[in-house]
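Any read-out appearing in this document is the output of simple, stated calculations on the displayed coordinates, not a laboratory observation. Everything quoted here is computed from the prediction, not taken from an experiment. Counting neighbours? That spans all protein chains shown, and the Cβs are built from the backbone with ideal geometry, glycine included.
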Amino acid sequence: MEGRCKQKLSDLAVGSSKKKGSKKIGYKWQINMTSPKNSSLVTITLFKNIHCHDIFIKTLKFAPIYRSFTSEIMEEIKFYIVNSHCDTSTIWNLLQLKYPEWVFLT
């Protein structure tokens, strides 16, 4: 989404045209990394920490920590499936109630 949009026209038919859309919003944040084949290290060569929008704390809800379950939660899911024969929506509702501090994405 880096850069500014330059309107381009696409030919739909002879004599007619339509403006094409773009997702470019002038976003300046950038990171460049290298990982040489002969090394196991990843090196950051460029980091521009410039944002054209506010950073919201609620974004942390979708951080990688919430993309995996603890072993305790996995045991609960296994129990619900094997012993109770619950479907996914029922399990989701039960986990939401028992672990309100966690975000369970559908």
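Tabulated values for the structure
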read-out: Efficiency of FRET from Cβ geometry, residue 54 and residue 83, R₀ 30 Å, rounded to 0.05; value: 0.05
read-out: Estimated FRET transfer efficiency when R0 is 25 angstrom, pair residue 28-residue 68 (beta carbons, to 0.05); value: 0.20
